[in-house]
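Everything below concerns the one structure shown next.
Nothing in this text is a laboratory measurement; each read-out follows from the coordinates by a stated rule. This one's a predicted model, so the numbers in the text were calculated from it and none came from an experiment. For neighbour counting, all protein chains shown are included, and Cβ atoms are generated from backbone atoms with ideal geometry for every residue, glycine included.
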Number of protein chains: 2
Amino acid sequence: MAHLLKGKAVSDKITEKNLERMEELREAGIVATLATIRVGDNPSDISYEKSATKRAHLTGVNVRNFECDADITQDRLLELIDEINHDDSINGVLIFRPLPPHLDDRTICDALAPEKDVDGITSGSLAGVFTRSGVGHPPCTAQACMEMLDFIDYDLTGKKVTVMGRSLVIGKPVAIMTLNKNATVTVLHSKTTKEDFIEAGHNADVIITAMGKDGAIDRKVVGKKQIILDVGISVDEEGRICGDVDFDEVESRAEVITPVPGGVGSVTTAVLMKHVLKAAKRQAQSKGLM
Amino acid sequence: MAHLLKGKAVSDKITEKNLERMEELREAGIVATLATIRVGDNPSDISYEKSATKRAHLTGVNVRNFECDADITQDRLLELIDEINHDDSINGVLIFRPLPPHLDDRTICDALAPEKDVDGITSGSLAGVFTRSGVGHPPCTAQACMEMLDFIDYDLTGKKVTVMGRSLVIGKPVAIMTLNKNATVTVLHSKTTKEDFIEAGHNADVIITAMGKDGAIDRKVVGKKQIILDVGISVDEEGRICGDVDFDEVESRAEVITPVPGGVGSVTTAVLMKHVLKAAKRQAQSKGLM
């Protein structure tokens with residue numbers, strides 16, 4: 001039986017530290033504020049908006065939800081971001097993505113002031129993942145994986161990490177972040193051969209899977225006594241949220257495994273608040289308020 | 001017997017295309033100009049300065065060599081970079097690194113205007129490696145590896161690439177660049193176990209080694225019929241420049257192998273000129289001159 005690593009315990013630990021950060025800001029007379037920007041009414045955006053807002057309120061972080069019509073022009077959205085960039089009362093910004101196709105994702109992302117980029121979408125934050133000295137923050141989901149490993153005191157030095165997926169929000173950054181922690185890292189994706197996929201899956205000490213393919217990680221893909229972080233999200237035929245891992249097949253072979261839902265995903269909003277509070281502190285320090 | 005892939009043929013091909021780019025600029029009345037910034041008198045910096053200057057002249061690119069005392073203050077160096085950023089006659093800048101330890105490398109790198117960053121050192125360029133839409137350019141040595149593979153029409157899709165080394169100038173960017181070309185990528189480094197090193201070496205279709213350890217890649221590490229790009233540079237006891245590969249042991253097993261010297265390193269300056277000419281064109285276009 002694997003140890004079931006639920007997100008709640010990890011999230012609680014981060015939140016505990018967040019409350020200390022909050023207290024430190026309060027003593028300096030600062031109210032940390034997160035802005036969210038949602039374009040259109042995508043249900044998963046609305047769901048994330050709700051959970052982020054709830055988490056913010058539990059932490060004591062103020063939230064301003066900006067809602068835009070699905071057909072907002074790129075110029076108007078850029079204007080809004082510019083206003084938020086110049087609004088000293090806002091410390092961090094979360095933009096729900098993917099954006100509708102008429103908006104250029106990279107242009108929108110890079111319009112955001114890097115110091116308010118609490119979800120690692122600007123070039124400054126992405127470069128910071130490479131250099132470890134960026135002004136921004138790593139993408140929250142990638143950071144959530146690192147928090148899970150931290151929580152179980154797992155030292156990545158010399159360990160083999162296999163990352164499945166190569167997106168900008170999770171696969172690529174988490175590959176570099178685990179590499180920076182001295183892991184030997186392999187990245188697999190849709191163009192990887194089936195044979196290589198199974199081999200790299202079997203051989204890993206840690207599997208981080210973020211493909212969004214229900215059941216893709218079954219008994220054939222995994223080895224024994226592994227740490228398995230399931231970051232995949234998909235919805236099955238019955239409307240249930242699923243991870244990439246075929247949990248029933250894999251669970252007994254793993255050393256540590258995260259569930260979906262209630263795993264890595266549930267840590268993301270606590271990480272987001274951590275980033276907002278860190279951003280608020282940096283901004284206060286740069287103004288000499290702390 | 002492996003096919004010996006020398007840098008000269010690749011460099012010549014890039015230069016041929018560079019001359020076309022040059023001609024196009026000339027017709028628009030533009031003289032492309034590279035600035036080099038050298039701090040102190042490190043022999044390897046002087047050697048790279050000479051070869052870049054020579055290559056520039058062969059291509060028809062103008063060069064301005066800025067030389068600074070080894071004890072230049074950070075403020076003075078930042079002033080110089082700011083002057084160059086605002087000098088419309090300069091299209092690209094090459095800063096020789098590593099800089100002396102009293103200068104903060106990341107601060108200096110990020111002071112450079114991203115549009116003049118022809119060697120991929122700014123956050124904008126590094127993020128561009130992730131997103132493939134940066135304003136800058138990839139690091140020249142990483143791009144030189146891609147040019148070698150292009151030259152032999154090698155399709156990376158589904159192939160296993162093993163990168164040895166994780167520096168910001170070569171290991172990390174080339175890992176992401178080969179991943180972007182659909183390779184399954186593994187990154188090894190000094191903390192990788194010996195066993196994992198040998199396994200990932202053996203299993204690779206392509207080895208890109210950039211460790212700077214003379215002879216580290218011997219018969220035990222490589223498999224058969226591989227493409228081996230040697231980007232390592234070190235100097236042996238007799239003062240000769242060496243790669244990472246024990247050439248005599250490995251050459252007969254490889255499908256394609258690059259020598260050192262005369263391999264990947266000799267392609268770097270042609271790539272640099274390509275980046276300068278592309279930068280000059282982009283800058284001219286943004287001013288409506290082309």
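Data for the structure
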quantity: Nonlocal amide H pairs with A:Phe66, under 5 Å, H built at 1.01 Å; calculated: A:Thr36, A:Ile37, A:Arg38
quantity: Integer Hz, Karplus 6.51/-1.76/1.60 couplings in order for segment B:239-255, x for Gly and Pro; calculated: x, 8, 6, 10, x, 7, 8, 6, 4, 4, 6, 9, 3, 5, 8, 7, 8
quantity: Gaussian network model of chain A, springs between alpha carbon atoms under 10 Å - residue of A:Ala280, A:Ala32, A:Ala70 with greatest fluctuation; calculated: A:Ala70
quantity: Mean separation of Cα contacts under 8 Å, 6 or more apart, over the residue count of segment B:140-266: relative contact order %; calculated: 22 percent
quantity: Sum of -39500 (n - 2.57) over DSSP H runs of 4+, divided by residues of chain A (222 nm, nearest 500); calculated: -13000 deg cm²/dmol
quantity: Exercise: per-residue mean of other protein chain Cβ atoms within 10 Å, B:158-168; calculated: 3
quantity: Amide proton proximity set for B:Ile217, modelled H, under 5 Å, gap of 5+; calculated: B:Val245, B:Asp246
quantity: Greater than 19 Å apart at Cα, pairs in A:Lys191/B:Lys191; A:Lys191/B:Lys160; A:Lys116/A:Lys181; B:Lys116/B:Lys181; A:Lys13/A:Lys160; A:Lys116/A:Lys287; calculated: A:Lys191/B:Lys191; A:Lys116/A:Lys181; B:Lys116/B:Lys181; A:Lys13/A:Lys160
quantity: Efficiency of FRET between A:His202 and B:Glu249 - r from beta-carbon atoms, R0 35 angstrom, step 0.05; calculated: 0.70
quantity: For A:179-185, mean number of other protein chain Cβ atoms within 10 Å; calculated: 6
quantity: Whole-Hz couplings from phi, Karplus 6.51/-1.76/1.60, listed for segment B:281-286; x for Gly and Pro; calculated: 5, 4, 5, 5, 5, 5
quantity: Test item: Cα-centred dipole of the protein assembly as shown, Lys/Arg +1 and Asp/Glu -1 on Cβ, debye; calculated: 560 debye
quantity: Average partner coverage of A:116-127, which counts Cβ from other chains inside 10 Å; calculated: 4
quantity: Amide H contacts of B:Ile152 (H built 1.01 Å from N, under 5 Å, at least 5 apart or other chain); calculated: none
quantity: Cleavage-rule hits, GluC sites (Glu not before Pro), segment A:185-290, DSSP coil, Cβ neighbours within 10 Å at most 12; calculated: A:Glu237, A:Glu238
quantity: Sequence-separation-based contact order of chain A, relative, with Cα cut under 8 Å and 6+ spacing, percent; calculated: 23 percent
quantity: Karplus 3J(HN,Hα) series, Hz, for segment A:150-167 with 6.51 cos²θ - 1.76 cosθ + 1.60 (x for Gly, Pro); calculated: 4, 4, 9, 6, 8, 8, 7, 3, x, 8, 8, 10, 10, 9, 10, x, 9, 6
quantity: Relative contact order computed over segment B:28-114 (Cα-Cα under 8 Å; 6+ residues apart), in percent; calculated: 42 percent
quantity: Distances in nm from A:Ile152 to the matching label points in the other copies, shortest first (labels 7 Å along Cα to Cβ); calculated: 4.1
